[in-house]
Structures are given as C-alpha cells and as structure tokens.
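One structure below.
The values are calculated or read from the model by the stated rules, or taken from the named source; none is laboratory data. Because the structure is a prediction, the values reported are computed rather than measured. Note: ideal-geometry Cβ built from the backbone for every residue, glycine included; neighbour counts use all protein chains shown.
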Amino acid sequence: MQGVWPLRCLLHALHSRTASPSLSDMFKTAAAPKLSTVLIASGIIVSLAMGVRHGFGFWLQPMSLQHGWTRETFSLAMAGQNLMWGVFGPLAGIAADRLGAARVVIAGALLYMAGLLWMALIDQPGLFVIGSGLLMGGALSCTAFGALSGIVGRTASPAKRSWAFGILGAAGSFGQFSMVPVEQQMIAATDWQQALFMLAALIVLTMIPLAWLLREPAAPAPVSAQQQSILEATREAFSYRPFQLLVCGYFVCGFQVVFIGMHLPAYLRDKGIDDPMVAVMALALIGLFNIFGSFYAGKLGDVLPKRYLLSGIYFARAAFITAFLLAPLSPTSVYIFASAMGFLWLSTVPLTNGVIASIFGMRYLSMLSGFVFLSHQIGSFLGVWLGGYLYTIDGNYNTVWMITIVLGVFAGLVNLPIREGAIVRAQAAAA
C-alpha cells in the first residue's frame with residue numbers, strides 16, 4: 001500500500017490542480033527558499049538516492065544464493081530499474097513542475113522505502129524483477145537529478161544556474177563514492193535483509209524532512225507559460241533541432257558510462273588482472289573524480305558555451321578509451337583511465353540541464369530534463385545488454401569498445417551545432 005499514494009500524486013500532475021486549499025498550503029512558503037537551502041537539501045536527497053542505488057551490486061551474491069536464483073534474475077531486476085527510472089522520468093518531471101519538488105520527493109521517498117522492502121521480502125523471481133523495477137524506477141525518477149533540476153534552476157540566478165546544477169551533480173557523485181562502503185559495512189555487520197530494512201528507514205527519515213525545505217511559494221506563471229500546455233511544450237521541444245541533438249548526445253552518455261561501470265571488472269579479469277581490488281579501486285576513483293568533474297563542468301558552464309564543453313567531454317571520452325585500449329594494461333593504466341573517465345562521468349548533467357534551461361526557460365525544465373534522461377537510460381540499458389550479448393557472440397569486448405569510441409565521436413559532433421539561445425516562439429515574435 002505504500003506505493004498507492006505516491007503513484008496517485010504523480011498521475012495527478014497530468015491534470016489541473018484540484019487539491020484542497022488547506023492541503024495545498026501545506027506545501028507553500030511565504031517566500032522563495034534560499035539557494036543555499038535548496039542546494040543543501042536537494043544535494044543530500046540526490047546523494048542518498050544515487051548512493052544507495054549504486055551499492056546494489058553488494059546484494060547480488062547473497063540474495064541469489066539464499067533464494068536459489070541465477071545471477072540473471074538480480075541483473076535483470078537492476079536493468080529494469082534503470083529502464084523504469086528513465087520511463088518514469090518525464091512523469092516525475094511533470095509532477096515536479098506542476099506540484100513542486102517537495103511533493104515529488106516525498107512520493108519518491110515512500111516509493112524508495114517500498115522498493116527496498118520489496119527487495120528484502122519477495123523471493124519469487126518474477127515478482128522481484130517486476131516489483132523492484134517499478135518501485136525503484138519510480139523512486140529514483142522522483143529523487144534524482146531530473147525531478148530536482150527545476151527547483152534548483154528556479155532558485156538560482158541565470159548567472160549561477162549552471163554552477164548550481166554542477167553542485168547538484170557533485171552531490172550525486174559524492175553519494176556514489178560515500179555510500180558504497182556504508183552499505184558494504186551494513187551487510188557485514190548484520191545481513192543483507194536487515195541492511196535493506198535499515199536503508200529503507202534511512203531514506204524515509206532523511207528525505208521527507210529535507211523535502212519540506214523545498215517548498216515554494218505559489219506564484220503566477222508568466223502569461224506565455226500559462227498559454228503553453230504540457231503537450232505543446234513537449235511537441236515544441238521534440239520538433240526543435242537543438243533539443244533533438246541534445247537527446248542524441250545523452251543517449252551516448254548513458255551507453256558509455258553504464259557499459260564501463262558494469263563490464264570493466266569482467267574486462268580486467270579477462271585480460272589477466274585477477275586482483276579484484278584493482279576493479280574496486282577503479283570504480284572508487286570514478287566516483288571520486290566524478291565529484292570534481294561535475295562541479296567544474298557546472299562552473300565552466302556559466303562562462304563558456306555549454307555546447308562546446310559537452311562536445312569536448314564526448315571527444316575526450318573517445319580519446320581516453322582509445323588510449324586505454326592501445327596502452328599496455330596494468331593496474332596503473334587502469335587507475336589513470338578510471339580517474340580520467342570519472343572526471344568526465346556525470347559532467348554532462350549540469351551542462352545538459354543548463355542548455356535546456358537556456359533554450360526553453362524554467363516552466364517545464366524538470367519535464368524536459370526527464371525526456372532527455374529517458375534517452376540516457378535507453379542508452380544505459382543497451383550498453384549493459386549489448387556488452388553481454390556481443391561478448392557471448394565474440395568471446396571478447398572488442399566490438400563494444402569500438403562502439404563506445406564511435407559513439408563518443410558522434411556525440412561530440414552532434415553537440416557542436418546546438419544553439420543555446422532562448423527559443424523564439426511565434427506568439428512572442430508576433431507581440
């Protein structure tokens with residue numbers, strides 16, 4: 001039953017606001033929240049959402065052994081979570097734009113709790129895959145970057161907007177880096193099931209109070225924004241060439257990072273690096289340098305054209321992957337590669353959200369970010385699946401590595417012609 005109210009809340013965003021005044025007033029403040037408050041609250045929320053999810057790999061072996069599952073069951077559930085995260089992203093974005101981030105985060109916290117409890121209690125493979133995919137996918141869509149980008153963008157001034165997105169991205173990166181050892185220690189100190197119970201309590205007891213800090217005052221939207229419906233905004237975005245190019249680039253981002261994150265340990269074993277700590281250290285370095293990459297990408301996005309920064313990131317990824325494959329493989333080369341890729345890992349997030357805000361404004365930022373993120377998650381799903389599929393056929397990862405390089409060059413090229421200026425609408429031009 002935990003998931004019923006949050007789902008109704010999300011679906012309610014598709015219609016006109018009908019909540020009673022007393023209920024609506026509970027989520028409003030007399031004044032807009034300060035940027036520092038928004039960044040701290042949203043940063044902790046994103047850090048927890050991304051951090052807990054990033055450590056799910058520690059549950060693969062103990063859950064599979066206890067339930068008698070193959071590893072495919074747990075892996076399919078995780079892939080489903082990623083895909084549903086992308087599918088629910090636009091819906092959560094619509095809710096955040098219409099109802100406010102506070103309500104969406106509360107819904108996401110309850111969904112997150114329900115998803116973790118589902119993972120702890122369900123032992124039927126089919127139910128586990130479907131339920132955890134739907135619940136956790138919905139939870140992540142309500143508590144990660146897309147749903148919170150709107151309030152961050154509305155609170156920050158245009159001159160600091162890209163920097164603020166960078167702070168949010170760095171917070172998610174810090175969560176990935178910091179929560180993994182915490183989750184490992186939870187399992188070691190208790191067991192995998194108790195660890196999930198503790199994480200469910202942590203999520204609810206932390207996110208819901210923080211969501212309260214994200215309440216916004218009710219302010220009338222500009223006339224032009226009021227005249228544009230959700231459907232019109234969606235149609236406008238997908239018919240606009242720069243948005244199409246941005247979607248294509250973000251697909252590549254998802255393909256690259258999730259393929260590397262999931263298959264790098266196996267690749268290293270195939271190449272004779274048997275020490276598992278090399279892979280663990282590589283993933284930790286990705287998380288660590290991810291913090292700095294996200295922050296500085298956002299900071300640079302305030303002073304340099306974001307499209308050029310995005311192109312540079314994708315070209316740099318292709319170059320570093322090529323160098324990694326051509327250089328003699330050793331723990332040192334792995335650590336250098338992981339550090340470089342970590343710096344480029346989520347640095348696309350603040351820049352992509354910044355481009356969307358500069359083109360379309362703040363009215364439907366969360367929704368449009370959700371659509372772009374859906375493309376990212378489709379790429380993620382294909383990166384994980386295609387890596388395993390082509391490995392089964394070829395007996396190595398060579399083909400997939402080549403695809404990541406080609407896609408990196410492609411994404412670098414498609415971001416170059418993006419125009420970042422505000423879109424000129426027919427009604428505005430006529431006025």
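If the requirement is being modelled with pLDDT under 95, within 25 Å of residue 244 (Cα to Cα) and more than 22 Å from the chain's Cα centre (by Cα), which of these qualifies: 395, 383, 421, 379?
421
State whether the residues of region 148-162 include one that is more than 16 Å from the chain's Cα centre (by Cα), assigned by TED's automatic domain parsing to the domain that holds residue 52, within 23 Å of residue 79 (Cα to Cα) and modelled with pLDDT under 90.
no
Can you give me the number of residues within region 303-353 that are among the β-branched types (Val, Ile, Thr) and either under 23 Å from the mean Cα position of the chain (by Cα) or outside the structural domain of residue 365 (by TED's automatic domain parsing) (or both)?
Of the residues in region 303-353, 5 are among the β-branched types (Val, Ile, Thr) and either under 23 Å from the mean Cα position of the chain (by Cα) or outside the structural domain of residue 365 (by TED's automatic domain parsing) (or both).
What about residue 89, is it surrounded by fewer than 17 Cβ atoms within 10 Å (Cβ to Cβ) and either touching a residue at least 60 places away in the same chain (Cβ under 8 Å) or part of a helix (DSSP H, G or I) (or both)?
In short, no.
Kindly indicate the residue of region 116-147 that is small (Gly, Ala, Ser) and free of Cβ contacts under 8 Å to residues at least 40 places away in the same chain and also nearest to residue 174 (Cα to Cα) among those meeting that condition.
Of everything passing the filter in region 116-147, 131 is nearest to residue 174 (Cα to Cα).
Could you tell me which residue of region 66-86 is nearest to the chain's Cα centre (by Cα), considering only residues that are in a helix (DSSP H, G or I) and of a type in the set (Gly, Ala, Ser)?
My answer is 86.
If I filter region 175-184 for residues that are surrounded by fewer than 24 Cβ atoms within 10 Å (Cβ to Cβ) and under 25 Å from residue 368 (Cβ atoms), do I get at least one hit?
no
From the residues in region 384-422 that are small (Gly, Ala, Ser) and part of a helix (DSSP H, G or I), which one is surrounded by the fewest Cβ atoms within 10 Å (Cβ to Cβ)?
Only one residue fits best here, namely 388.
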